[in-house]
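Structure first, commentary second.
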Amino acid sequence: MKYPADVRIVEVGPRDGLQNEKKPLSAEVKIAFIDMLSDSGLRSIEAGSFVSPKWVPQMADTDKVYASIRKKDGVSYPVLVPNDKGMAAALAAGVKEIAVFAAASESFSQKNINCSIAESLERFKPVMAAASAAGVRVRGYVSCVLGCPYEGEIAPAAVVRTAKALYGMGCYEISLGDTIGTGTPVKTRALLQDVARDIPRESTAVHFHDTYGQALANILVALEEGLSVVDSAAAGLGGCPYAKGATGNVSTEDVLYMLHGMGLKTGVTLEKIAEAGRFIAAEVGKPLVSKVGQVIENSIKW
């Protein structure tokens, strides 16, 4: 089996990982977390989200966080933007890369952002135009690609439609998100093969939550299918407020251990990610979810 020689990790902990945490975190904590991640060798770190603080209070200080983090050469710090208002805030902050998101499930789109999939895509047109004019790169997310808390299993054709729409609008990369973590390897392979008929594998990423413990197996399938970009969160942060029982993103520590054990290059230092994971888990008051993070923590000589 031939795997990609180099895998890019997109660290989503500071945004997707923290956005649903109930405990308020100061901007200083989030800045320290991102700076620790920047020192690990990561090339992509989600820095926050320009969304309404009414709906996502944890991201209310993204402008301050983005302005204060130590930005390293060769590292991108994308922020999530839901509409033209968020785009205006991102441009004012000097952001160089943004992310937009749409669902493969109509029910999830209505519950999550109060509009249909078609309406959500329409909202992105002025965002994409503004990004193009400003030279800002845009990454696209598709949620619920392998299951929805309201509709159950999602047809691959629905995923392909949304992914194609985002790619056609100008997103340089499409991240396929198993939002509630119900995907399994066989279903993952079938989905990726369907998507690959319309979107190049080099422009496709995967984003797995580990609710049922399937994330690493699904990532392995993605690697076998020729994908080389994987989203993950230090300490396994995250969850889905619209999916009861859904746990967090697959942990960056666990993903790195697997990739490095396969001889694949990431440019990321596992121990530094584990340090960042311990830091942020303590700040949110949660135990480490990462299996590898737990091993490293228990091996430290205090």
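The values are calculated or read from the model by the stated rules, or taken from the named source; none is laboratory data. Please read all numbers here as calculations on a predicted model, not as lab measurements. Every residue, glycine as well, gets a Cβ built from its backbone with ideal geometry; the counts of neighbours run over all protein chains shown.
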For this session: Residue by residue through the range 1-35, note down the ones that are farther than 20 Å from A90 by Cα, more than 18 Å from the chain's Cα centre (by Cα) and in a helix (DSSP H, G or I).
Result: V29, A32
Problem set entry | Top-ranked residue of the range 163-210 - restricted to ones that are more than 22 Å from R137 (Cα to Cα) and among the hydrophobic types (A, V, I, L, M, F, W, C), ranked as surrounded by the fewest Cβ atoms within 10 Å (Cβ to Cβ) | V186
Exercise. Of the residues that make up the range 56-78, is at least one within 29 Å of V160 (Cβ to Cβ) and at pLDDT below 95?
Worked result: yes
For this session: Inspect all residues belonging to the range 135-148 and state whether any of them is touching a Lys or Arg at 6+ places or on another chain (Cβ under 8 Å) and over 24 Å from V79 (Cα atoms).
Result: yes
Problem set entry | Residues of the range 244-302 classified as of a type in the set (F, W, Y), assigned to a helix (DSSP H, G or I) and either within 16 Å of P14 (Cβ to Cβ) or modelled with pLDDT under 95 (or both), total | 1
For this session: Could you list all residues from the range 219-234 that are crowded, with 24+ Cβ neighbours inside 10 Å and either basic (K, R) or more than 11 Å from R201 (Cβ to Cβ) (or both)?
Result: I219, V230, D231, S232, A233, A234
For this session: Scan the range 181-202 and give yes if some residue there is free of Cβ contacts under 8 Å to residues at least 40 places away in the same chain, touching a helix residue (DSSP H, G or I) at 6+ places or on another chain (Cβ under 9 Å), among the small types (G, A, S) and outside any helix (DSSP H, G or I), otherwise no.
Result: yes
Seminar exercise, completed: When every residue in the range 1-33 that is within 22 Å of A205 (Cβ to Cβ) and out of contact with any helix residue (DSSP H, G or I) (no Cβ under 8 Å at 6 or more places or on another chain) is compared, the one modelled with the lowest pLDDT is K2
Seminar exercise, completed: Sole miss for N218 among (1) in contact with a strand residue (DSSP E or B) (Cβ under 6 Å, 6 or more places away or on another chain); (2) free of Cβ contacts under 8 Å to residues at least 24 places away in the same chain is condition (2)
Seminar exercise, completed: If we keep only residues of the range 144-177 that are in contact (Cβ under 8 Å) with a residue 12 or more places away in the chain and in a strand (DSSP E or B), then the residue farthest from E122 (Cα to Cα) is C148
Exercise. Which condition breaks for S109 when tested against (1) out of contact with any helix residue (DSSP H, G or I) (no Cβ under 6 Å at 6 or more places or on another chain); (2) without any contact (Cβ under 8 Å) to a residue 24 or more places away in the chain; (3) buried (at least 16 other Cβ atoms within 10 Å of the Cβ)?
Worked result: (1)
For this session: Filter the range 90-105 for residues that are surrounded by fewer than 17 Cβ atoms within 10 Å (Cβ to Cβ) and in a helix (DSSP H, G or I) and give the result.
Result: A92
